[in-house]
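Report on one structure; see the data block that follows.
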Amino acid sequence: MTEAEGCALLLAKFTEAGYAIASDFHFHEGDIEVDLDGWDAKARVGYEYITREAGDDRQFDLATLARFEMRMEKGELFVLLVDERGAVTKEALGAAADGFLAELKKQREAIGSAP
Amino acid sequence: MSWVPAEQVLKTVEWQRQVLAEQQKRIADFNAYHATERQKLEAEQRAAAHDLGQAVLPRLDHPTIAAAAEAIGMVGLPAENVPGQVEARRQWLAGRLQQILTTPDYAQRELLRHPRTGSLTRALAETQEYRGLANQFVATCEEHPRFEQLMAGAWGTSEEKAAWWRYSYWQDRSAAAELVTKTGKPSFSDVRAEYVKGKENVATYDAEIARLRNQIAAGEALEREYAALWDEHHALDARGLEHTRGRIVQHLLGVDASGMTQRLRAASSPFLMLFLRASGLAAKVSYLDGIQRSNVTELQKDLAAQQQKLVNVEQKTRKRWAPMPIANYQKLAEDRRPRYEKRWQRFGKTYQTVYVYDRWDRARYYDDILWWDLMTRGRYDGSYIPEVHSYYQSHPDYQFDPDWKSRQASYAYDDYAPASAGGATNDHGMSEQGGTDDADAAAASVEADGADQSGDVDASGDAADLTSTDAS
């Protein structure tokens, strides 16, 4: 599955879950400046398909990734990071997106901020 | 200037290629012929060496060894006390065989290693079976493509730190669920625990299997050692004799043939003719190798040069499709077959002359022996053969006298003659047979001289015509 096909699938899944996703969003907050494949600015939820072909691994270097994930740990934002180096299948990506969105809903409900 | 059209030039190139191919085939045929003949000669050489060794050393006792050493000048041999060494070896073998016999690993070999009922054999089979069972769960886990990653990432333990917002986390989770289903365990923690335990068991069984295999291998090695030593013990005298004979023959063929001939001749030694036969056969094999190698190499070089010329002509002609000046064409079209034929004739004659030679006894008329000259009667230059060349180098004053008959007439030594032979020369049937041989040889020489205007003469009248049969 190509990155474009993967992004289309994720866009459909996130939209279906009620998120207003803007594609190819330039995210710049504090010391983090990256391009995200999908981002809902209001819900602060998105997804990023980290592929070498698109040069994402340069933007999401280890230090940037660490800062990004630290903010996720604090609950400030939630981005599904498709970090797999191997082949990504439609079924596996769909299942991962469903799992991520369910977990996100659970966490949001816990703090009363579901979209 | 006259010109030859390109089509004709290319046809001629093709024809010349066929000529070269014919020569290559001839070389291949000759190489095969030489290999076959060489095998026959090697067998003959082995028989000659065997006969020589047997004659020089009929038994392996002190007096016989001393006599042999004296006859052939192997002065150090008696001091080696070969019979004593054989006896010491016999003692050692007897001791070692006894020692092996009482070793439990050997004494109980059937009990331990019988293919079906041996205790070690059965223990090994059982352990392998248990190992197979223990490995089933391990193999099921390891067959899953993501299992290694799950173990490395500590999945199913408190140390697992995969972040749920990563795609890889969900992949790991799916894989863990698949493994739980496949193994029928309640959770991946249980899968992990069972796997770790299984690995430990497999390692234990592997160690036991290795131990049993080593024990079986050690026992089998002992059986092989016993069998080999038993054989040696039972054939010790024959082996000692054969070994010493081998050394004697090696010594005889390793020293200068002239010196050894002089020594044996002066002592009217019964070994003289056997020595000359073995020495001559060894020389023959190396000469034939040299002749074959030299001719084939030379011819191959020539054929390769011709082949390259044809390639150049063809390329040039095809490129411009230009006609060729008649003078150049005549050179190209020259039929080289007669030239090759002449070369094969010359080489074949030399090869065959050496091949058929078997008058080993004639060497005894000479103080300086170069087998090449004896075989060819000094008529062919053999300096391209390494052995001949080195002889010339080490004997700068050497000159060959082809008149062996005069030397025979003035031969001042008494050849060995046992009393039972009625005073006739006993040379194992190899010496000249009086006038008959001379007449045959003379007739052969006349015949060969008549057939060969270049003056080459075969050494023997019964020489097959190698040249006319393409060495095949």
Determine the shape class of the range B:271-322: with a ≥ b ≥ c the square roots of the Cα gyration tensor eigenvalues, call it rounded for a/c under 1.5, and otherwise prolate if a/b is greater than b/c, oblate otherwise.
prolate
Heads up, the protein assembly as shown by the C-alpha gyration tensor (a ≥ b ≥ c square roots of eigenvalues; a/c under 1.5 rounded, else a/b over b/c prolate, else oblate) looks oblate
Report, in debye and to the nearest 20, how large the dipole of chain A comes out about its Cα centre when Lys and Arg carry +1 and Asp and Glu carry -1 on their Cβ.
420 debye
Heavy-atom accessible area of the range B:126-266 with neighbours in place, 1.4 angstrom probe: carbon+sulfur share in percent works out to 50 percent
Using alpha-carbon coordinates, inclination of helix B:188-234 to the longest axis of chain B, degrees:
30 degrees
With every protein chain left in place, what is the accessible area per residue of chain B in square angstrom, probe 1.4 Å?
53 Å²
To test your reading of the geometry: what angle, between 0 and 90 degrees and rounded to tens, separates the Cα axis of helix B:236-254 from the longest principal axis of chain B?
50 degrees
Signed unit charges on C-beta, dipole axis of chain B, positive-most listed residue B:GLY73, B:TYR130, B:GLN292:
B:TYR130
What is the angle, in °, between the Cα long axis of helix B:337-356 and the longest principal axis of the Cα atoms in chain B? Nearest 10 is fine, range 0 to 90.
90 degrees
B:TYR169 accessible area, assembled protein chains, probe 1.4 Å, Å²:
40 Å²
Within the range A:3-110, what whole-number % of the accessible surface is contributed by carbon and sulfur, with the 1.4 Å probe and all protein chains included in the calculation?
52 percent
Pairs of alpha-carbon atoms within less than 8 angstrom and 6+ residues apart define the contacts here; what relative contact order does chain B have, in percent?
23 percent
Let me see the pair-distance distribution of the range B:90-220: every alpha carbon pair, 5 Å bin width, integer percents in order.
2, 10, 15, 14, 10, 9, 8, 7, 7, 6, 5, 4, 3, 2, 1, 0, 0
Residues of the range A:57-77 losing 10 Å² or more of accessible surface, assembly versus chain alone, probe 1.4 Å, please list them.
A:LEU65, A:GLU69, A:MET72, A:GLU73
Tell me which of B:ALA43, B:GLY153, B:GLY280 sits at the most positive position along the dipole axis of chain B, charges placed on C-beta atoms (Lys, Arg +1; Asp, Glu -1).
B:GLY153
Straight distance only, please: which aspartates and glutamates reach the Cα of B:LYS284 with their own Cα at less than 14 Å, same-chain residues fewer than 8 apart left out?
B:GLU37, B:GLU42, B:GLU44, B:ASP358, B:ASP373, B:GLU387
Shielded residues, the range B:151-165 - accessible-area loss of 10 Å² or more between chain alone and all protein chains, probe 1.4 Å
B:TRP164, B:TRP165
Counting other C-beta atoms within 10 Å, and keeping those with at most 15, which DSSP coil GluC sites (Glu not before Pro) do you find in the range B:146-194?
B:GLU159, B:GLU160
XL table B:LYS301/B:LYS349; A:LYS74/B:LYS161; B:LYS40/B:LYS301; Cα-Cα > 24 Å flagged, in table order, is B:LYS40/B:LYS301
Part-to-part distance (alpha-carbon centres) for the range B:240-312 and the range B:1-53, which is given in Å
23 Å
Shielding of B:167-176 by partner chains, average beta-carbon count, 10 Å
6
Nearest-20 debye value, chain B charge dipole, Cβ charges on Lys, Arg, Asp, Glu:
2140 debye
Which whole-number value in Å² is the accessible area per residue of the range A:3-110, probe 1.4 Å?
51 Å²
Given axes a ≥ b ≥ c from the Cα gyration tensor, I'd like to know whether the range B:13-169 is rounded (a/c under 1.5), prolate (a/b larger than b/c) or oblate.
oblate
Taking every residue in A:101-109, how many Cβ atoms of other protein chains lie within 10 Å of its Cβ, on average?
1
Under a 5 Å amide H to amide H cut-off, with H placed in plane at 1.01 Å, what residues pair with B:LEU60 once short-range neighbours are removed?
none
For chain B, with +1 on Lys and Arg beta carbons and -1 on Asp and Glu, the positive-most of B:ALA221, B:THR181, B:TYR366 along the dipole:
B:THR181
Per-residue accessible area, 1.4 Å probe, largest first, puts B:TRP92, B:TRP170 in the order B:TRP92, B:TRP170
Given backbone amide H placed at 1.01 Å from N, residues whose amide H is under 5 Å from that of A:PHE27, ignoring those fewer than 5 places away on the same chain, are A:VAL34, A:ASP35, A:LEU36
Name the lysines eligible as straight-distance cross-link partners of B:LYS197: C-alpha to C-alpha under 20 Å, and not fewer than 8 places from it in the same chain.
B:LYS182, B:LYS185
Taking 21 Å as the cut-off for C-alpha to C-alpha distance, list the pairs among B:LYS11/B:LYS316; B:LYS342/B:LYS405; B:LYS309/B:LYS331; A:LYS13/A:LYS105 that go past it.
B:LYS342/B:LYS405
Compactness ratio of chain A: Cα Rg over 2.2 N^0.38 Å, N = residue count?
1.01
For chain B, what mean projected area does the convex hull of the alpha carbons give, in nm²?
46.0 nm²
Show me the ranking of peptides B:96-107, B:120-131 by mean Cβ neighbours inside 10 Å, starting with the highest.
B:120-131, B:96-107
If one computes the Cα centroid of the range A:39-110 and of the range B:386-407, what distance in Å separates the two points?
96 Å
With only helices counted (DSSP H, runs n ≥ 4, each -39500 (n - 2.57)), the per-residue ellipticity at 222 nm for chain B, to the nearest 500, works out to -24000 deg cm²/dmol
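The values are calculated or read from the model by the stated rules, or taken from the named source; none is laboratory data. Predicted, not measured: the structure shown is a model, and the values here were computed from it. Every residue, glycine as well, gets a Cβ built from its backbone with ideal geometry; the counts of neighbours run over all protein chains shown. Accessible surface areas use protein heavy atoms only, side chains included; no ligands, DNA or RNA. Shrake-Rupley method; radii C 1.70, N 1.55, O 1.52, S 1.80 Å.
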